[in-house]
Amino acid sequence: MNQRIGIDVGGTNTDAVLVDANGVVGAIKSPTTADVISGVRQALTELIDSVGPSARQVDSAMIGTTHFVNAVVQRKGLNKIAALRVTLPGSASLPPLVDWPKDLAKVVNGGSYYISGGNEFDGQPVVPLDEDAVVKAAQSIRNSGITSVGITASFSPLSSACEDRVAEIIANECPGIRITCSHALGRIGLLERENATLLNAALLDLAANTTDAFRKALDDVGITAPLYITLNDGTVTSAELARKFPVYCFASGPTNSMRGAAFLSGLDDAIVCDVGGTTADIGCLVNGFPREANNVVEVGGVRTLFRMPDLISIGIGGGTIVRESPLSVGPESVGFRLLKEARVFGGSQLTLTDVAVASGLMDVGDKTLVSDIPETLIADALAMAHQKISVTVDQIKTDSQDVPMIAVGGGAPLIPEKIPGISVVHRVPFHGVANAVGAAIAQISGEADQVFQDFTRDDALAAALEIAVENAVKSGADRQSIKTIEMEDLPIAYLPGHAIRARVRVVGDIATSTEDS
């Protein structure tokens, strides 16, 4: 592996690391700033000061950000969208955005349009596509000033031809409009796939601004390497693709930590507990990658169905507020204000960092400032935090066998040594910046998830593998390095003929200019 810089922007800290084939060369933890970008610039500057000017000569820079999921949760930075649903004469009773929180729907709703067309469950057209209706919808969208549109056709993962034709017509009628097609994002399940599509369409302004700002932060410190953005599955994509599909970056922070934990520990299968400044994220490593959620995932109150890690997050972190009477630990946190508000740093707010320092688990700030905390309060607060972690570990496990755990994150000392169901807790070097390490080592992925009819099982899996490999190569992976990390098939009894849903995921190293030639 060539030299890379990995950056992870968390709610409390922005971490930056320099990694090469031998491991971590240098690491920096810097407070996240309110505008985020100046914090990234500061972390990069400190990293270059720490390891020397050679850090500017890296081959690539990877950034993981919470920008996009925070925008949905906080209802900020979203652009208005038009929703085009190609399903008539069916699926008209539940309109687009029907199950969204009202405050979020109000922010993004720029009108809905219903078009005759789409596919049946066997991939055949329901009715011919009403192209005249698409043209009229496109003209209305253009006149309304909407610049982003989401297109969803019934069963488009089986055949994308309908959505592709609608997108072609809209692009001709509305030059410069941004188009998101549902078959590029979701799986079988109309409303959830449509929701993911519309969320993506609503984030495109923010995605463009964010990637431009990250690029400028790199340029400002003299780093000209290509920029990659980390994704939900522990891999990366080019900044250009991240501008098109920002929803794939929603859970990149926790997945970065899990990939970093695998790299730092040498373990491919384990529970990972990442304790940051605001939350503890607990999940499972399988073959070195986060186990994927196989059910509907809610983001900001919106039901979606696309690849997301199977994680449970709890309000336990270094900035978690501890209250004495009655005793409570979290879920409130001081977040990125930790260095100002925690008692060990001269503030007045009692946090888990103060408790950890007073107990000897951590050595930061001024220990004398927490010497007056009663021992019973220290013991009780730690016991409550440990209990919450133990309960969550039990929830994330899928069987009763004891398994190893990897403790990472700046708040890793808060993880107890003994946890029911855990065989051993591994403490790794650079645990505090595991998220940035995971970003730095990330590979590029490709996925295929679709239904094949009249295929044998082996032929369906082979066809899905070919599609996944091509998707990875299109995203910038070196074809020779690609390996399969997940492959499954599911016969579908309710479809006519012999129908198989095949799902394959592959990963590969980033293709360099030398490899391309």
Of the conditions (1) over 30 Å from the mean Cα position of the chain (by Cα); (2) of a type outside the set (Gly, Ala, Ser); (3) modelled with pLDDT under 90, the single one that TYR114 does not satisfy is (3)
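Return yes or no: is PHE306 open to solvent by 80 Å² or more (accessible area, probe 1.4 Å) and either touching a helix residue (DSSP H, G or I) at 6+ places or on another chain (Cβ under 9 Å) or at pLDDT below 85 (or both)?
On the way: open to solvent by 80 Å² or more (accessible area, probe 1.4 Å): no; either touching a helix residue (DSSP H, G or I) at 6+ places or on another chain (Cβ under 9 Å) or at pLDDT below 85 (or both): yes.
When the stated conditions are applied, PHE306 does not pass them.
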Quick check on ILE316: is it under 20 Å from GLY432 (Cα atoms), surrounded by fewer than 18 Cβ atoms within 10 Å (Cβ to Cβ) and in contact with a Ser or Thr (Cβ under 9 Å, 6 or more places away or on another chain)? no
Any residue in the stretch 385-392 that is free of Cβ contacts under 8 Å to residues at least 12 places away in the same chain and within 25 Å of the chain's Cα centre (by Cα)? yes
Residue within the stretch 456-466 that is farther than 30 Å from GLY277 by Cα and under 22 Å from the mean Cα position of the chain (by Cα) present: no
Which residues, taken from the stretch 345-361, are touching a Ser or Thr at 6+ places or on another chain (Cβ under 7 Å) and in contact (Cβ under 8 Å) with a residue 40 or more places away in the chain? LEU352
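Mind telling me which of the residues ASN109, ASN143, ASN119 ends up being touching a residue at least 12 places away in the same chain (Cβ under 8 Å), of a type in the set (S, T, N, Q) and over 29 Å from ILE500 (Cα atoms)?
Answer to the check: ASN109.
Looking only at residues in the stretch 1-48 that are touching a Lys or Arg at 6+ places or on another chain (Cβ under 6 Å) and open to solvent by less than 10 Å² (accessible area, probe 1.4 Å), which one is nearest to ALA440 (Cα to Cα)? Full working, then the answer.
Applying the first criterion (touching a Lys or Arg at 6+ places or on another chain (Cβ under 6 Å)) to the stretch 1-48 yields 13, 15, 19.
Cutting the leftovers down to open to solvent by less than 10 Å² (accessible area, probe 1.4 Å) gives us 15, 19.
Values: ASP15: 11, VAL19: 7 Å.
Going through the qualifying residues, I end up with VAL19.
Identify the residue in the stretch 405-418 that is open to solvent by 10 Å² or more (accessible area, probe 1.4 Å) and of a type outside the set (Asp, Glu) and, among all such residues, is farthest from ALA242 (Cα to Cα). Step through it out loud before you land on a result.
Let us first name the residues in the stretch 405-418 that are open to solvent by 10 Å² or more (accessible area, probe 1.4 Å), namely 410, 413, 416-418.
In the following step, the residues that additionally are of a type outside the set (Asp, Glu) were identified as 410, 413, 416, 418.
Details: GLY410: 27, PRO413: 34, PRO416: 37, LYS418: 40 Å.
The qualifying residue farthest from ALA242 (Cα to Cα) is LYS418.
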Here are LYS102, LYS136: which of them is at pLDDT below 95 and basic (Lys, Arg)? LYS102
Out of everything in the stretch 205-247 that is under 24 Å from VAL108 (Cβ atoms) and assigned to a loop (DSSP other than H, G, I, E, B), what residue ends up being modelled with the highest pLDDT? PHE245
Can you work out which of the residues in the stretch 193-214 that are out of contact with any helix residue (DSSP H, G or I) (no Cβ under 8 Å at 6 or more places or on another chain) and open to solvent by 10 Å² or more (accessible area, probe 1.4 Å) is nearest to PRO246 (Cα to Cα)? ASP205
Expected single match for buried (at least 21 other Cβ atoms within 10 Å of the Cβ) and more than 21 Å from the chain's Cα centre (by Cα) among VAL437, VAL451 is VAL451
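The values are calculated or read from the model by the stated rules, or taken from the named source; none is laboratory data. Note that the structure is a prediction, hence the values are computed from the model and not measured. Cβ coordinates were reconstructed from backbone atoms using ideal geometry, including for glycine residues, and neighbour counts include every protein chain displayed. What goes into the accessible areas is simple: the full protein's heavy atoms, side chains included, and nothing from ligands, DNA or RNA. Shrake-Rupley method; radii C 1.70, N 1.55, O 1.52, S 1.80 Å.
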